[in-house]
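Structure first, then comments.
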């Protein structure tokens, strides 16, 4: 990670074919030219949970036609008045055939435990997860 200017950092992942990621703080500290660390952490939690759920569903031979995941977080102040991430909520909406929804139960009981990021973060941040399967494609 290299400082570009102001509060912008360019993150290189040292992975062939993966583009660098620009991180920046929102105004007034930075310019908001990219996500900040809190947003990247929320995205990492949501991505890990989504990938884990998708893996389990595919292993159960449940076809996922589409998946949308929404993540939000709250900030709190600690005893010293410092801002901290208080909680993260993740809502996963896989689109599956109606007849497959009842077969999803076992995956929904298991998938969170296999998410490395979420289980690590849960040591210090409450992470609430919900899954809402849909059986038909809806306009985004």
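Every read-out reported here was derived from the displayed coordinates using simple, explicitly stated rules and does not represent laboratory data. Here the structure is a predicted model, which is why all the values come from computation and not from measurement.
Here are a few things to note about the model shown:
- When the square roots of the Cα gyration tensor eigenvalues are ordered a ≥ b ≥ c, the ratio a/c for segment 86-140 is 1.5 or more and a/b does not exceed b/c, which makes its shape oblate.
- Our summary gives the chain a relative contact order of 19 percent, counting only alpha carbon pairs under 8 angstrom and 6 or more residues apart.
- Residues considered: 65, 119, 15. Largest GNM mean-square fluctuation over the chain, using C-alpha springs under 10 Å, is found at 15.
- Across segment 2-86, the volume of the C-alpha convex hull divided among the residues equals 156 Å³ per residue.
- Acute angle (nearest 10 degrees) that the helix 37-59 long axis makes with the longest principal axis of the chain, alpha-carbon atoms: 20 degrees
- Within a Gaussian network of the chain (alpha carbon springs, distance under 10 Å), most fluctuating of 11, 71, 95: 11
- Antiparallel DSSP beta bridges within segment 37-131, percent to nearest 5: 65 percent
- Kirkwood radius for segment 37-131, taken over all pairs of different Cα atoms as the inverse mean of 1/r, rounds to 14.1 Å.
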